[in-house]
Amino acid sequence: MDNAALIWTYLSREPLLWLTATLIAYCIGDAAFRATGRQSWANPVLISVALLAALLELTATDYATYFEGAQFVHFMLGPATVCLGLPLYENLGRVKRAAWPLIAALVAGSATAVVSVLVIARAFDLGPVMAASLAPKSTTAPVAIGIAEKLGGEPTITATLVILTGIIGAIVATPLLNLLRITDWRARGFSVGVAAHGIGTARAFQVHETAGAFASVGMGMNAVLTAIIAPLALRLLG
């Protein structure tokens, strides 16, 4: 036991330990996801987050130490988000043909996501910092964190809420859309992209290629619109 403790003390000082732990946790989550036949409730991000949280708790490791080693994953969020612009380019013709319905859905979805959470924050008297942290929760992490910082929110809280929003959206979207009998893959994908950003978009690609393409379109457009709506809504409702 003493030797094991010494080994852990040594390894815990190495930044690559937490990057490796993150990759292993995701591989376990992805394996579980595949083993269940890609069921939405077995979301690999949810499983990997739970595994990492348990590991940090068991080893009494604080988040700052973990992030020091795993920040390369955080850095890659930006390039990954930009890469999702490729489906927009490839489906530009289809997007143009459905431009007005997409714009209407985007405005409705983005405004609902921001306004509803600010109304809830105000009802529970959560304060201006929490309201600013909550406002951009439905957009992709790099954009949401930037918006929260500009509004005076706490980026760490925002990042946590963004992940939770994406995971819940990825789990709920498919059964909910099936229940509502929405069969148009463009509508299904776009709605998931607007509501559940990158994690929802990844799920949409797993379900159908067209849904994934329109999810990435919705995610990108929502990021831009949220940056406009969130400050305005915060002034009115914050």
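The values are calculated or read from the model by the stated rules, or taken from the named source; none is laboratory data. Computed from a predicted model, the values in this text were never measured in an experiment. Cβ sites come from the backbone with ideal geometry, for glycine too, and all protein chains shown count toward neighbours.
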Item to complete: Report whether or not residue 182 is buried (at least 24 other Cβ atoms within 10 Å of the Cβ), assigned by TED's automatic domain parsing to the domain that holds residue 169 and among the β-branched types (Val, Ile, Thr).
Response: no
Discussion item. Please go through the range 190-205 and give me each residue that is of a type outside the set (Lys, Arg) and in contact with a Ser or Thr (Cβ under 9 Å, 6 or more places away or on another chain), ordered by number.
Written reply: 192, 193, 194, 195, 196, 197, 198, 199, 200, 201, 204, 205
Worksheet item: Is it true that some residue in the range 119-130 is among the hydrophobic types (A, V, I, L, M, F, W, C), on the phi < 0 side of the Ramachandran plot, touching a helix residue (DSSP H, G or I) at 6+ places or on another chain (Cβ under 8 Å) and buried (at least 20 other Cβ atoms within 10 Å of the Cβ)?
Response: yes
Practice prompt. Write out, first by first residue and then by second, each pair whose Cβ atoms fall under 6 Å of each other, whose residues are 6+ apart or on separate chains, and whose first residue, in the range 153-176, is in contact (Cβ under 8 Å) with a residue 24 or more places away in the chain while the second is in a loop (DSSP other than H, G, I, E, B).
Written response: 161/137; 162/137; 165/137; 165/138; 167/43; 170/43; 171/43
